[in-house]
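Below is one structure, written out as structure tokens, with a few remarks after it.
The values are calculated or read from the model by the stated rules, or taken from the named source; none is laboratory data. What you see is a predicted model, and the numbers here were worked out from it, not measured in a lab. FYI the Cβ positions are ideal-geometry reconstructions off the backbone, even for glycines, and counts take in every protein chain you see. Calculation scope for accessible area: heavy atoms of the full protein, side chains included, ligands and nucleic acids excluded. Shrake-Rupley method; radii C 1.70, N 1.55, O 1.52, S 1.80 Å.
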Amino acid sequence: SMLRKKLPIGIQTFAKIRQEHCYYVDKTPFVAKLGREGGYFFLSRPRRFGKSLFLDTLAEAFAGNRALFTGLYLEDHWDWEKRHPVIRVNFASGVLHDPKHLEEHIHTTLERNAEALNVSIPGRSTSPAIRFDELILAAHRHCGEKVVVLVDEYDKPILDNITEPDIARQMRDGLRNLYSVLKGRDADLRFVFLTGVSKFSKVSIFSGLNNLRDITLASEFATICGYTDEDVDCVFAPELGDLDRDAIRHWYNGYRWGDTPVYNPFDVLLLFQERQFRSWWFETGTPTFLVEWLKKQQFFTPSLEHTFADDELLSVFDVDHIGLEAMLWQTGYLTIAQRESDGVLTAYTLRVPNLEVRMALNRSLLAAWIPNDAEVMRHALPLRRAFAAADTQAVRQHFERLFAGIPHSWYDTSPIAQYEGYFASVFYSHLASLGLSIIAEDVSSFGRCDLTVRHHDTVWIFEFKVIHQDTPTGTALTQIQTKNYAAKYRAPGVRVLEVGVEFSAAQRQIVGWKVGAD
């Protein structure tokens with residue numbers, strides 16, 4: 001039956017979703033699996049991916065609230081006789097900028113848990129760690145079953161202060177003291193689950209917690225958060241209506257933590273409510289610090305389409321050492337396109353997950369990279385038309401205007417404009433902000449990039465090259481032809497254009513624009 005239900009937008013409480021008859025993608029097979037294995041688990045996912053809802057589902061299961069699971073997988077795959085005391089620690093709400101406030105927050109959390117479990121713990125004159133330790137012990141004694149500890153946004157107090165390393169370090173130390181309690185209470189714990197956005201190195205925050213299993217990239221948990229294609233087609237069938245199914249995929253799918261790609265759930269729900277394609281997730285809180293930070297790092301934006309990383313790079317993350325790729329991957333602006341392993345080393349190729357992130361992130365970056373971005377974006381629609389019409393002259397004029405509009409004073413005062421990858425970054429980020437379909441062929445060097453842009457039935461192959469002279473060399477176009485990128489795009493009804501763009505660093509303007517076409 002195509003009965004429409006309520007869209008659970010912003011609802012992170014499992015009971016509410018079940019009692020108010022909302023759509024629910026059954027994630028309880030993962031609850032069963034984790035419950036069977038027991039132990040200590042860690043999961044990193046970007047914000048608004050359903051981590052809190054999953055934690056709440058775990059809490060209800062361990063507390064034995066069977067009625068909420070009627071008709072779900074877990075109903076017949078769980079020991080409902082056992083009711084475990086559940087301790088919940090949550091750093092999601094509010095921003096803490098001071099170690100004292102963090103300590104108060106932890107004290108309040110521990111007191112609330114003690115009250116809910118009907119046990120008493122020492123007063124605030126003792127440290128949070130000692131109170132936490134006592135809480136676990138008392139809960140086990142009082143309830144007669146081992147304790148479950150669920151920590152939501154375990155890293156938020158650190159991330160909220162990442163631009164102030166001294167405060168971030170103090171936050172990290174305060175949290176480390178709290179989490180270290182877990183390793184000493186092993187005999188009293190049935191299950192521990194921690195979630196957050198970033199994965200801080202074990203040494204820095206979970207020192208000694210050697211039995212903590214990181215399931216972030218475990219293939220059997222690839223779809224623990226987010227919706228699959230099948231979920232969109234089956235669970236949300238009543239909502240699809242006249243929405244373009246391919247567009248839904250193109251805009252919001254593409255996040256990968258294993259073989260099956262998933263959709264950002266927040267986007268899907270808002271799309272169904274508002275019936276229009278927009279950067280819903282991106283608009284609700286893209287960290288300005290991220291854009292500022294990328295600017296400071298002189299980030300080469302074409303590498304959003306193609307970046308290499310290894311296990312080490314993706315997991316090493318600390319206040320004093322933040323890998324650029326790790327940060328972009330953990331926050332959800334890059335995802336895993338491919339994973340290769342020879343048994344000893346594992347290598348990943350990372351890229352932007354979908355159209356939403358490509359457009360919105362590059363739009364923000366462009367605003368930071370050039371002073372006249374509003375003027376440039378005013379011509380976005382005619383530029384898209386020029387791409388569809390294969391009008392190479394109009395596209396050239398647009399880009400010449402773009403670069404001519406950057407005042408000379410900007411180059412002198414903006415450190416980002418001084419580095420080699422700047423011009424190629426502006427060129428790519430502007431294309432990407434237009435919502436065109438982009439494939440990066442080769443982004444291995446800062447001075448150049450190869451981009452394939454597809455719009456309707458026209459494929460544009462660009463080679464963008466920075467030269468240190470005033471007259472064009474013609475090598476950009478030759479390079480495309482030598483590599484024969486166009487071959488794989490040639491098909492009946494498809495127009496392929498090859499464009500060699502040469503940019504003079506001295507003149508700060510395009511000096512060569514050579515078109516080779518079929």
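Its relative contact order, with pairs defined as Cα atoms under 8 Å and 6+ residues apart, puts the chain at 11 percent.
Per residue, the accessible area of segment 266-416 comes to 43 Å², computed with a 1.4 Å probe over protein heavy atoms only. Hull volume per residue, based on the alpha-carbon atoms of segment 359-399 and their convex hull, is 70 Å³. With the simple spin-label model, which puts each label point 7 Å out from Cα in the Cβ direction, the S341 to N177 separation comes to 3.8 nm. Taking the Cα of M2, stepping 7 Å toward and past its beta carbon, and measuring to each backbone N in segment 203-233: which are under 19 Å? Flagged as within label range: 230-233. Spatially, segment 16-45 and segment 357-380 are offset by 39 Å when compared through their Cα centroids.
This model, with +1 at the C-beta of Lys and Arg and -1 at the C-beta of Asp and Glu, gives the chain a dipole about its Cα centre of some 560 debye.
Taken one residue at a time, the phi angles of segment 320-337 give Karplus couplings (6.51, -1.76, 1.60, θ = phi - 60°) of 8, 9, 10, x, 4, 5, 4, 4, 5, 6, 5, 7, x, 8, 10, 9, 7, 8 Hz. Gly and Pro are set to x. The P(r) of the chain has a tail past 46 Å containing 21 percent of all C-alpha pairs. Which one, L159, L182, N113, is farthest towards the positive end of the dipole of the chain when Lys and Arg carry +1 and Asp and Glu -1 on their Cβ? Going by the charge dipole, the pick is N113. About its Cα centre, segment 57-119 has a charge dipole of approximately 20 debye under the convention of +1 per Lys or Arg Cβ and -1 per Asp or Glu Cβ, with nothing else charged.
Taking a ≥ b ≥ c as the square roots of the eigenvalues of the Cα gyration tensor, segment 25-165 is classed as oblate, since a/c reaches at least 1.5 and a/b does not exceed b/c. Cα gyration tensor of segment 134-211, axes a ≥ b ≥ c as square roots of the eigenvalues: rounded (a/c below 1.5), prolate (a/b > b/c) or oblate? The shape class here is prolate. Only protein heavy atoms count here; on that basis, with a 1.4 Å probe, H84 has an accessible area of about 20 Å².
The residues of segment 72-228 present an accessible area of 44 Å² per residue when probed at 1.4 Å with all protein chains retained.
When the Cα convex hull of segment 186-267 is projected onto planes of every orientation, the mean area is 7.5 nm². Between K488 and I439, the contour length at 0.36 nm per residue exceeds the alpha carbon distance by 16.4 nm.
Contact order normalised by length for segment 194-290, with contacts defined as Cα pairs under 8 Å and 6 or more residues apart; what percent is it? Dividing the mean separation by the residue count of segment 194-290 yields 25 percent. In the chain, a dipole from Cβ-located charges (positive for Lys and Arg, negative for Asp and Glu) runs towards its positive end, and of S341, A432, I248 it is I248 whose Cα lies farthest in that direction. Of all accessible surface on the chain at a 1.4 Å probe, what whole percent is carbon and sulfur? Carbon and sulfur atoms account for 49 percent of the accessible area of the chain. Helix 99-117 and the longest principal axis of the Cα set of the chain meet at an angle near 50°. Based on the convex hull around the alpha carbon atoms, segment 421-466 presents an average projected area of 2.9 nm².
Full extension of the segment from N211 to Q19, taken as 0.36 nm per residue of separation minus the current Cα-Cα distance, would add 65.5 nm.
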